[in-house]
Structure formats: C-alpha cells, structure tokens
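Structure, as structure tokens:
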Amino acid sequence: MAAGSWLDEKPNGGVVLAEAVARVPFTKEEAEILSGGIPRGHKNLTKATADLVRAGWMTKGRSGWEITEEGLKATVVFTTVETLAEALSSGAQAPAGTALPEPPTAKQAAKAPAKKAAAKKPAAKKASAKATPANEADNQASQESGVEHKEQPASVALAGDFGTTLGAVENWDPSHNNVQMSLDAKQGTWKLTADLPAGQYSYKAVVNGSWDENYGAFGVNDGANHEFAHAGGPVTFHYDHTTKDVLRSEV
C-alpha cells in the first residue's frame, strides 16, 4: 500500500488482505476455522486494519483502502513488526518533522515482480447467462422487502474439488445443477448446503456460469482458492455478492 500510494492506487480490502496472506501465510492456529466460517487469521487481520484506521495511518473508503501521510511516516520510524505493533498498542506516532519515505524509482518499479494469477482448474468458458424469470422475481422480492441489496447475478455456482461428491460429472465444473447456489432474496445472499466427508477442500464462487467472473479467498476476483479442512457432515456455504466472499457454517 505504501508503494501504491505514490501511484494514487487504492486497492480494495479483499486485495490487501489476500496480499498480506500471500506474503505471510497463516500458521496452523491462524488457519483454524471459526464458527462464522472464516479463518482465525482473517479475523485478526481485520482487527489489525481497524487499529491502523484508529491510529490515523490508513483510511477505508468506498473507492478502496489508502495509507495516510502519518502512516507513511510510521513506516520510516517503526521499521519492524515489533516496533510497529508496540506503537499501535501505545498510540505512539512518528515524531514531528519526520520526512515521508522516498517514492520508488522507475528502476525499482521495473524490478517489481508481476502479480501471478491464482491457479484454478481449467474450464471451458461458458457464455454469461441472462437473468431468468425466477431470478428477476427474486430481485423484485428483495426490493419489495424494504431491504436494500446489491443487484444479484443470474446464477452463482460453487465450483470446487468436491463437485463429484455432490453429483457433478467432474470437479470444478460450474455448469452442473448440483453445484448451483440458491438466492435468499430477503437476506440478499446465495446458499448451498452440502454433506461432505471429512477432508481438505478447495473451491471458488463462479458468477453467471462463466470463469470470466469468479471469486476466491477474501472475495478477490480470480484470486486464490478458498480452502478449508472439514471434519465431515453437512456444511452451508453463504455467498454475498456485495463482498464477493463466501462464508461457511456447519449445520
């Protein structure tokens, strides 16, 4: 974020959190899934970003997240994880007169590694489906309920390595009926309940039947796969088209 601030870049929260996890993967304890269906580490990261906002080092807006001038100065003074954490805890700020860090040079920018696209199971791209009368009715019901929700897509599928367990011909196929999620018009979320044997699973949310629009961990478009360890039994997946994220709850 500090480097991006010189380019007036404001990444969304999902991108920031996904990048943080990519750089420093969760430990076994942090990867533990909490009752809300999210890893413990995700909750800790979210709390940490709230602390950064309270310290005045970062802002969260509709257009994205951005590091402030005070936040940039903090990166100059508090150069280790330990000193940064201590400053956040104590409320310490960079001393008056602290200069902003130097912007990255063109040479440094050229050396920056290109972001690698997250791997996913290859799948034949399917033309985006038009909204069906049923989904149009669901969207209308959402409006009439008085609860404001983002306009919903025509379909959302849960494509993953458990597709055949649900009855699909092959895994990672978003076109099979058994991996389609159902829209709860009142809640504004999509749901799918599956009875899965114990194991480690990966999946993504695929919108409108095409891999052109898919969301992985933290709701990042074409991001890393959602992954979770399951003890076995029914589990309900909840997709929110506002956050583009998928949460889980065990039935």
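All conditions but one from (1) of a type in the set (Asp, Glu); (2) touching a Gly at 6+ places or on another chain (Cβ under 9 Å); (3) in contact (Cβ under 8 Å) with a residue 24 or more places away in the chain apply to GLU170; the one that does not is (3).
Which ranges mark the strands (runs of 3 or more DSSP E) fully within region 165-236 that have 3 or more residues being within 16 Å of ILE33 (Cβ to Cβ)? Write out each step before concluding.
Numbers: elements: 182-184, 189-196, 199-207, 226-230.
Correct list: 199-207, 226-230.
Looking for something at pLDDT 95 or above, crowded, with 17+ Cβ neighbours inside 10 Å, touching a helix residue (DSSP H, G or I) at 6+ places or on another chain (Cβ under 7 Å) and assigned by TED's automatic domain parsing to the domain that holds GLY219 - is there at least one such residue anywhere in region 168-175? No, region 168-175 contains no residue that is at pLDDT 95 or above, crowded, with 17+ Cβ neighbours inside 10 Å, touching a helix residue (DSSP H, G or I) at 6+ places or on another chain (Cβ under 7 Å) and assigned by TED's automatic domain parsing to the domain that holds GLY219.
Can you pull out the residues in region 184-193 that are at pLDDT below 95 and either of a type in the set (A, V, I, L, M) or under 20 Å from HIS230 (Cβ atoms) (or both)? Lay out the reasoning, then the answer.
Initial filter on region 184-193 (at pLDDT below 95): 184-189.
Listed by number, the list holds a single entry, ALA185.
Just wondering, is there one or more residues in region 232-243 that are under 25 Å from PRO25 (Cα atoms), in contact with a helix residue (DSSP H, G or I) (Cβ under 8 Å, 6 or more places away or on another chain), surrounded by fewer than 17 Cβ atoms within 10 Å (Cβ to Cβ) and outside the structural domain of ILE33 (by TED's automatic domain parsing)? Checking region 232-243: at least one residue is under 25 Å from PRO25 (Cα atoms), in contact with a helix residue (DSSP H, G or I) (Cβ under 8 Å, 6 or more places away or on another chain), surrounded by fewer than 17 Cβ atoms within 10 Å (Cβ to Cβ) and outside the structural domain of ILE33 (by TED's automatic domain parsing).
The values are calculated or read from the model by the stated rules, or taken from the named source; none is laboratory data. Predicted, not measured: the structure shown is a model, and the values here were computed from it. Positions of Cβ are backbone-derived with ideal geometry, glycine not excepted, and every protein chain shown enters the neighbour counts.
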